[in-house]
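Have a look at the structure below, then the notes.
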Amino acid sequence: MKPIVTVIDYGIGNLFSVSRAIEHCGAEVHLTDSIEEIANAERLVLPGVGAFEDGMQGLAERKLIEPIREYAESGRPFLGICLGMQMMLDVSEEFGVHKGLGLIPGRVQAIPTTGADGQPHKIPHIGWNGLVEAPQAEEWNRTILRDVKVGDAVYFVHSFTPVPEQAEHRLADCVYDGLALAAVIKAGNLYGCQFHPEKSGDVGLSIFQQFVKAS
Amino acid sequence: MPNLRLIARLDIKGPNLIKGIHLEGLRVVGDPQTFSKRYYEAGVDELIYMDIVASLYGRNNLTEIVRHTARNVFVPLTVGGGVRSTDDVKELLRAGADKVAINTAAIQRPELITEVSRRFGSQCMVLSIEAKRLASGKWEAYTDNGRERTGFDVIEWVQRGQELGAGEILLTSIDQEGTRKGFDVALTRAVSDAVTIPVIASGGMGRFEDLAEVVQTGHADAVAMADVLHYDRLNLQDIRTQARAAGLMVRQL
């Protein structure tokens, strides 16, 4: 029996790439917007690109906010990707202030427009950037980053960045123009990746591989 | 700065990867899947697919090719050519594209930029510019692979595009495209310095030094390479090694 990964389909694009990457790692993908399937999922992925408000609205219209919260409390593996990760936090400041799922305490804020040196830099942060251990991160070897080495590059594209309230919820950071931005967040069974593992070559595939094995 | 992105650009007509000279004379190079897979395995940072006849027919015909590519290639894929509406964008994203590059339809109806970026995120909205040098030292934006003038000044247009929500600029020099004589460095620099969003320089790469120049002097954030890769005049590993030696930051593989 192949492991099953349930991917939430809430009207936001790019599900094909996520599905394909997970299938590549030997799992079967179920795309769904069904409350029941989410409740019964073995492993749940919340993907997403685009604006925060639209994403939350997509979930709300399908009445998926409560089912996702309940799933998250069940202790089963959960992975939010990009916008899906940002929605795991309490609040976002993108185009106004919008409530998130509130799975991990924290806010989503705009990436500062200047780097550590005070000089302006390009926004969005687009491209391949290396993962580094966040200051209070737990050991990667017991997480979905098991096969990732410090410095391995993954693909980012974002203008907003999640800022968890508790430093120990940051598992990996990336450094953009001298600024440490949260790249992977973790709270128990809940994971979020700001970058796109489905677009990050072998490093990204290794993260899905570990997620598929997680239980 | 983030790592310089090394991008392979595949211009596609029907089922074929083609190469163009000044975006006019076309020659079939081969099957796009073969090339995209090869580039992925060689560590390319991103891919761009351009349906170069799409605007003639009014639609993008790359959905099937995109779907096939996304099965085996796990790096970002930008698709352009004939994208006219948010529905077109949705179809390409659903097929596995990550971003769309829009030129003609954005010129005709600039609000499309805002619609796409609001609905799918600005990271998805790549404003594609075909720039031609004018005697005045400025550049004019063209459409339809350099055939149609628009009267738009490139610098004014990219600034407006950024305000409207574009997340990235794909900047193709019509003058340099297919010449192998190097990028239009002055153009790239003028555009890159006029906006805060990343700029992909495209058109004219013949040797490694061209890349270094358009990044160091032209301030490009990414470089799109076409026939220099298709004909194996340079390969990605060598480009990476040389980039590092020249002090350019590239992805560590």
Going by the structure shown, is residue A:177 over 20 Å from residue B:252 (Cα atoms), of a type in the set (Asp, Glu) and either buried (at least 19 other Cβ atoms within 10 Å of the Cβ) or in contact with a Pro (Cβ under 9 Å, 6 or more places away or on another chain) (or both)? no
Which of (1) in a strand (DSSP E or B); (2) in contact with a strand residue (DSSP E or B) (Cβ under 6 Å, 6 or more places away or on another chain); (3) more than 9 Å from every other protein chain (Cβ to nearest Cβ) is the odd one out, the single condition residue A:154 does not satisfy? (2)
Selection from region A:128-142 of residues of a type in the set (S, T, N, Q) and within 14 Å of chain B (Cβ to nearest Cβ) yields A:129
Going by the conditions given, is residue A:84 within 21 Å of residue A:53 (Cβ to Cβ) and part of a helix (DSSP H, G or I)? yes
Does residue A:131 qualify as being of a type outside the set (Lys, Arg), surrounded by fewer than 20 Cβ atoms within 10 Å (Cβ to Cβ), modelled with pLDDT of 95 or more and within 20 Å of residue B:253 (Cα to Cα)? no
Residues that are in contact with a Pro (Cβ under 6 Å, 6 or more places away or on another chain): which strands (runs of 3 or more DSSP E) entirely in region B:132-191 hold 1 or more of them? B:168-173
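Table: residues versus (1) at pLDDT 95 or above; (2) under 15 Å from residue A:151 (Cα atoms).
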{"position": "A:168", "(1), (2)": "yes, no"}
{"position": "A:188", "(1), (2)": "yes, no"}
{"position": "A:200", "(1), (2)": "yes, yes"}
{"position": "A:204", "(1), (2)": "yes, yes"}
{"position": "A:215", "(1), (2)": "no, no"}
Looking at region B:217-233, I want the residues that are within 17 Å of residue B:42 (Cβ to Cβ) and have a partner that is of a type in the set (Phe, Trp, Tyr) with Cβ atoms under 7 Å, at least 6 apart or on another chain. Which pairs are those? B:229/B:39; B:230/B:35
Look through region B:1-41, keep the residues that are touching a helix residue (DSSP H, G or I) at 6+ places or on another chain (Cβ under 8 Å) and within 11 Å of another protein chain (Cβ to nearest Cβ), and return whichever of them is farthest from residue A:129 (Cα to Cα). B:40
Across region B:114-141, what is the total count of residues that are buried (at least 24 other Cβ atoms within 10 Å of the Cβ) and away from every other protein chain (no Cβ under 14 Å)? 6
As an exercise: evaluate residue B:228 against (1) within 26 Å of residue B:123 (Cα to Cα); (2) outside any loop (DSSP other than H, G, I, E, B) and give the number of the one condition it does not meet. (1)
Taking the criterion of being within 17 Å of the chain's Cα centre (by Cα), of a type outside the set (A, V, I, L, M) and at pLDDT below 95, would at least one residue in region A:93-109 satisfy it? yes
Tell me whether region A:49-62 contains one or more residues that are crowded, with 18+ Cβ neighbours inside 10 Å, free of Cβ contacts under 8 Å to residues at least 40 places away in the same chain and more than 13 Å from chain B (Cβ to nearest Cβ). no
Matching residues in region A:87-110 (of a type in the set (A, V, I, L, M, F, W, C), touching a residue at least 12 places away in the same chain (Cβ under 8 Å) and surrounded by fewer than 19 Cβ atoms within 10 Å (Cβ to Cβ)) number 3
Determine which single condition residue B:153 fails, assuming it passes every other condition in (1) at pLDDT 95 or above; (2) closer than 25 Å to residue A:125 by Cα. (2)
Residue list for region A:157-202, restricted to those being within 14 Å of chain B (Cβ to nearest Cβ) and β-branched (Val, Ile, Thr): A:157, A:161, A:175
When you go through A:59, A:79, A:103 one by one, which is the residue that is under 19 Å from residue A:7 (Cβ atoms), in a strand (DSSP E or B) and not basic (Lys, Arg)? A:79
Just checking, does region B:91-102 include any residue being away from every other protein chain (no Cβ under 12 Å) and either touching a residue at least 40 places away in the same chain (Cβ under 8 Å) or farther than 16 Å from residue B:170 by Cβ (or both)? yes
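The values are calculated or read from the model by the stated rules, or taken from the named source; none is laboratory data. This structure is a prediction, so every number in the text was calculated from the model and none was measured. Positions of Cβ are backbone-derived with ideal geometry, glycine not excepted, and every protein chain shown enters the neighbour counts.
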